[in-house]
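Asks: Supplied in structure tokens, the structure appears directly below.
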Amino acid sequence: MLDCLDKKIIAVLQGDFPLVAEPYAVLAARIGISEQELLDRLNKYRQSGQLRKMGAVLKHREVGYAANALCAWIVPESRLPEAGRLMSGFRAVTHCYARIPQANWPYNFYTMLHAHTREECRALAAELAQTAGLDRYILLFSTREWKKTSMSYFPEYVQGE
Amino acid sequence: MLTHFDKKLLNVIQTKLPLESRPFARVAELLNVDEKTVLERLNYLKEQGYIRRFGAFFDSAYLGYVSTLAAAKVRTEKVADVAKAINAYPGVTHNYEREGEYNLWFTLLTPNQAEQDRILESIRILEGVEGLLSLPAIEKYKVSVEFNL
């Protein structure tokens, strides 16, 4: 269970990360704890899986990955784990989930594909299909980004800052 | 334009910033430069817009949040209005217009299921929305947004 201090740490870490020599000391001061206590807690979150990553996420368009497609698949339920394992192995697959389908929407498996061009996305989907032995899928190319942001977890813990 | 050094730096910095007092000194060691060079270049790359976000990325489910991927079928002339209304919810972190029958795809994170239901219901009744899918995950196989430059 997360205590109040955990929630405050997580909330503060959603904010600006200082690109300075001792960033954790700066963040710890914002939270009101010692640098060591912050590092200990962050290590704990990393071990428990709560902290997925510490580092940079790039703007994919700016670094040359201009095409992105959500690829929706129809996968027999018994083959979901195998499809997940096989497709996750591709670096160009950034997200891979099994999802609950709906009556008018039979797709139950989703891969997010990033590539330089649409043609590359199509070729990649074909390669994934062949690798996993699946042939029922659609590529949903994005035409406009309306929002892309990071979640602010526990915002009530940073009120007034 | 990204220099050769920038690409090496971005490749390293995407994967793992050490959890220790001087993390950028460690990164500098890996790249055979000094800490100051790493920090100056990172600040520059962030200002130039190559870095979307720097810092900690948490797993929403491990923090107790409920998530779903939703797709709305929206009449073309109403897409902008509906997109703006959807974006107003802080728990909507991604919202993309896509080709196909369902043309707005967004992710929604909420502290609980009741809040998710309430927000989806309020989106379902927006003018121009002709259908709404909610596709909660049953298994996550991979989340790793890293690009090899």
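The values are calculated or read from the model by the stated rules, or taken from the named source; none is laboratory data. Source: prediction; values computed, not measured. Here the Cβ is made from the backbone with ideal geometry for all residues, glycine too, and neighbour counts use every protein chain on show.
Asks: Only residues that are part of a helix (DSSP H, G or I), free of Cβ contacts under 8 Å to residues at least 60 places away in the same chain and under 20 Å from A:THR149 (Cβ atoms): list them for segment A:12-26, please.
Replies: The answer is A:LEU13, and nothing else.
Asks: Answer yes or no as to whether A:PRO81 is under 30 Å from A:ARG122 (Cβ atoms), without any contact (Cβ under 8 Å) to a residue 60 or more places away in the chain and within 9 Å of another protein chain (Cβ to nearest Cβ).
Replies: yes
Asks: Which ones in segment A:102-111 are touching a strand residue (DSSP E or B) at 6+ places or on another chain (Cβ under 8 Å) and at pLDDT 95 or above?
Replies: Once the filter is applied, which keeps residues that are touching a strand residue (DSSP E or B) at 6+ places or on another chain (Cβ under 8 Å) and at pLDDT 95 or above, segment A:102-111 yields A:TRP105, A:TYR107, A:ASN108, A:PHE109, A:TYR110, A:THR111.
Asks: Let me ask something additional. Among the residues in segment A:92-104, are any among the small types (Gly, Ala, Ser), surrounded by fewer than 16 Cβ atoms within 10 Å (Cβ to Cβ) and within 17 Å of the chain's Cα centre (by Cα)?
Replies: No, every residue in segment A:92-104 fails to be among the small types (Gly, Ala, Ser), surrounded by fewer than 16 Cβ atoms within 10 Å (Cβ to Cβ) and within 17 Å of the chain's Cα centre (by Cα).
Asks: Restricting attention to segment A:91-108, which residues are more than 9 Å from every other protein chain (Cβ to nearest Cβ) and of a type in the set (Phe, Trp, Tyr)?
Replies: none
Asks: Please work out which one of (1) touching a helix residue (DSSP H, G or I) at 6+ places or on another chain (Cβ under 7 Å); (2) outside the structural domain of B:ILE125 (by TED's automatic domain parsing); (3) over 19 Å from A:LEU13 (Cα atoms) is the condition B:ASN32 fails and give its number.
Replies: B:ASN32 satisfies all of (1) touching a helix residue (DSSP H, G or I) at 6+ places or on another chain (Cβ under 7 Å); (2) outside the structural domain of B:ILE125 (by TED's automatic domain parsing); (3) over 19 Å from A:LEU13 (Cα atoms) except (1).
Asks: Which of the residues spanning segment A:134-155 are without any contact (Cβ under 8 Å) to a residue 12 or more places away in the chain and surrounded by fewer than 18 Cβ atoms within 10 Å (Cβ to Cβ)?
Replies: Matches in segment A:134-155: A:ASP135, A:THR143, A:ARG144, A:GLU145, A:LYS147, A:LYS148, A:THR149.
Asks: Read through the list (1) under 26 Å from B:SER134 (Cβ atoms); (2) touching a helix residue (DSSP H, G or I) at 6+ places or on another chain (Cβ under 7 Å), then give the number of the only condition that A:ALA115 fails.
Replies: Unmet condition: (1).
Asks: May I ask you to say which residue of A:ALA28, A:ALA72 is buried (at least 20 other Cβ atoms within 10 Å of the Cβ), over 30 Å from B:PHE5 (Cα atoms), touching a Leu at 6+ places or on another chain (Cβ under 6 Å) and not hydroxyl-bearing (Ser, Thr, Tyr)?
Replies: Step by step, each of A:ALA28, A:ALA72 is checked, and only A:ALA28 is buried (at least 20 other Cβ atoms within 10 Å of the Cβ), over 30 Å from B:PHE5 (Cα atoms), touching a Leu at 6+ places or on another chain (Cβ under 6 Å) and not hydroxyl-bearing (Ser, Thr, Tyr).
Asks: For segment A:58-69, does any single residue satisfy the condition of being at the interface with another protein chain (Cβ under 7 Å from one of its Cβ atoms), crowded, with 16+ Cβ neighbours inside 10 Å, within 24 Å of B:LEU133 (Cα to Cα) and under 16 Å from the mean Cα position of the chain (by Cα)?
Replies: no
Asks: Next question, about the same structure. Which of the residues that make up segment B:12-40 are farther than 20 Å from A:TYR24 by Cβ and either part of a helix (DSSP H, G or I) or among the polar types (S, T, N, Q) (or both)?
Replies: B:LEU31, B:ASN32, B:THR37
Asks: Please give the strands (runs of 3 or more DSSP E) falling wholly within segment B:45-149 in which 3 or more residues are at the interface with another protein chain (Cβ under 10 Å from one of its Cβ atoms), without any contact (Cβ under 8 Å) to a residue 12 or more places away in the chain and within 30 Å of A:LEU27 (Cα to Cα).
Replies: Strands (runs of 3 or more DSSP E) meeting the threshold: B:51-58.
Asks: Follow-up question, since we're still on this one. Does A:LEU124 count as outside the structural domain of A:ARG52 (by TED's automatic domain parsing) and free of Cβ contacts under 8 Å to residues at least 40 places away in the same chain?
Replies: So A:LEU124 fits the description; yes.
Asks: Also, quick follow-up: Quick check on this structure: which one of B:VAL79, B:VAL66 is buried (at least 17 other Cβ atoms within 10 Å of the Cβ) and closer than 18 Å to A:MET151 by Cα?
Replies: Just one listed residue meets the conditions, B:VAL66.
Yes/no per residue for (1) in contact with a Leu (Cβ under 9 Å, 6 or more places away or on another chain); (2) part of a strand (DSSP E or B); (3) more than 7 Å from every other protein chain (Cβ to nearest Cβ); (4) not β-branched (Val, Ile, Thr):
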{"site": "A:THR111", "(1), (2), (3), (4)": "yes, yes, yes, no"}
{"site": "A:ALA125", "(1), (2), (3), (4)": "yes, no, yes, yes"}
{"site": "A:ARG144", "(1), (2), (3), (4)": "no, yes, no, yes"}
{"site": "A:SER152", "(1), (2), (3), (4)": "no, no, no, yes"}
